[in-house]
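Visitor: One structure, as structure tokens, below. Some questions next.
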Amino acid sequence: MPIPAPERWTMTLGDAMYSMRAIRRFRPDPIRDSDLRDILDAARQAPNGGNAQPWRFLLVTDAEKRAALGELYHEAWWAKRKDEGINGPEDIPPGKGVRQSAMRLAGEIGNTPAFVLVCATAQGAGAAQSVIPSVQNLLLAARSIGIGGTITTLHAVVEERVHELFGIPADAQVVYCVPLGYPRGRFGPLSRKPLAEVAALDSWDNTPGWLAT
């Protein structure tokens, strides 16, 4: 039986995986409804515990709600930095590192063309963990049609207001906030640690030669 996947997804899985980096700068161009639908449909194909599918993908494209979510995200991002002892931009070292890029995203995220709030439909770590594979599917599908995104989280300080803004029931939890858009910049190549630094065989410190090359 043929699998009913969109025929226009012609990028190989290898090409998508080896070029999909976190995109934090977006053009303002809107994303077509059909593209957003296919991205969300790919997300729901993901494996999950017991096939319970304890997820709901809340797509946000309304301009006012995107702006409101952007303000809450900005507050949440700085609340997380305060938890780390970082009280303002002056505490973040200058440069082009990930932290600077994430700080810029926190200031600009309200202009992102679309968001997906990836929600678990029950409380608890088990429900949250079960939705995680869906986000990888979502981002790979987006990458295959030239749309970028990144995984972000919110903070308890804004949780109640986010639930109120979108009518999210109290027994659901927002696991990730995923901005989506066409990149200002490019995908890949990726900067990753060598395999020998992150993989081992049979015991923690055993890295055979075939893993090191």
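We did not get these values from a lab; they are worked out from the coordinates using the rules stated. None of these values were measured; they are calculated from a predicted model. Glycine gets a Cβ as well: all are built from the backbone with ideal geometry, and neighbour counts include every protein chain shown.
Visitor: Where does the charge balance sit around C177 when Lys and Arg score +1, Asp and Glu -1, over other residues with C-beta under 12 Å from its C-beta?
Guide: Numbers: positive: R66; negative: E159.
Charge balance near C177 sits at 0.
Visitor: Full extension from D171 to S19: what is 0.36 nm times the residue separation minus their Cα-Cα distance, to one decimal in nm?
Guide: Taking D171 through S19 to full extension adds about 51.1 nm, to one decimal.
Visitor: Given +1 on the Cβ of Lys and Arg, -1 on the Cβ of Asp and Glu, and no further charges, what dipole in debye does the stretch 77-211 carry about its Cα centre, rounded to the nearest 20?
Guide: Values: 12 positive and 12 negative charges, 132 e Å.
Roughly 640 debye for the stretch 77-211.
Visitor: Over the Cα atoms of the chain, what is the Rg over Rh ratio if Rh follows Kirkwood? List each step's numbers first, then the result.
Guide: Working: Rg = 18.5 Å, Rh = 18.8 Å.
That ratio is 0.98, to two decimals.
Visitor: Can you give me the C-alpha center-to-center distance between the stretch 128-184 and the stretch 79-116, rounded to a whole angstrom?
Guide: Here the answer is 17 Å between Cα centres.
Visitor: With a point put 7 Å past each Cα toward its Cβ, work out how far T121 is from A67 in nm, to one decimal.
Guide: 3.4 nm
Visitor: Then there's this: Quick one: which of 18-28, 135-145, 186-196 comes out on top by average Cβ neighbours within 10 Å, and what's the full order, highest first? Present the calculation step by step, with values, prior to reporting the outcome.
Guide: On the way: 18-28: 17.4, 135-145: 21.3, 186-196: 10.8.
Descending mean neighbour count gives 135-145, 18-28, 186-196.
Visitor: Along the charge dipole of the chain, pointing to its positive end and built from +1/-1 on Cβ of Lys, Arg, Asp and Glu, which listed residue (L72, P54, P89) has its Cα farthest out?
Guide: P89
Visitor: Please give every one of the aspartates and glutamates within straight-line cross-link reach of K193, meaning a C-alpha to C-alpha distance under 19 Å, and leave out same-chain neighbours fewer than 8 residues apart.
Guide: Of all the aspartates and glutamates, those that pass the test against K193 - Cα under 19 Å, at least 8 places apart if same chain - are D15, D205.
Visitor: Looking only at the stretch 144-181, which residues have a backbone nitrogen under 17 Å from a spot 7 Å from the Cα of R104 in the C-beta direction?
Guide: 148-151, 179-181
Visitor: Pop a pseudo-label 7 angstrom from the Cα along the beta-carbon direction at both I132 and E160 and give the gap in nm to one decimal.
Guide: Inter-label distance under the simple model: 3.0 nm.
Visitor: Here is a follow-up. About its Cα centre, what dipole magnitude does the stretch 1-128 give when the only charges are +1 on Lys and Arg Cβ and -1 on Asp and Glu Cβ, stated in debye to the nearest 20?
Guide: Here the size comes out at about 200 debye.
Visitor: Still on this structure: Based on a Kirkwood Rh over C-alpha pairs, give the Stokes-Einstein translational diffusion coefficient of the stretch 1-113 at 37 °C and viscosity 0.692 mPa s in µm²/s.
Guide: Details: Rh = 17.3 Å.
Answer, rounded: 189 µm²/s.
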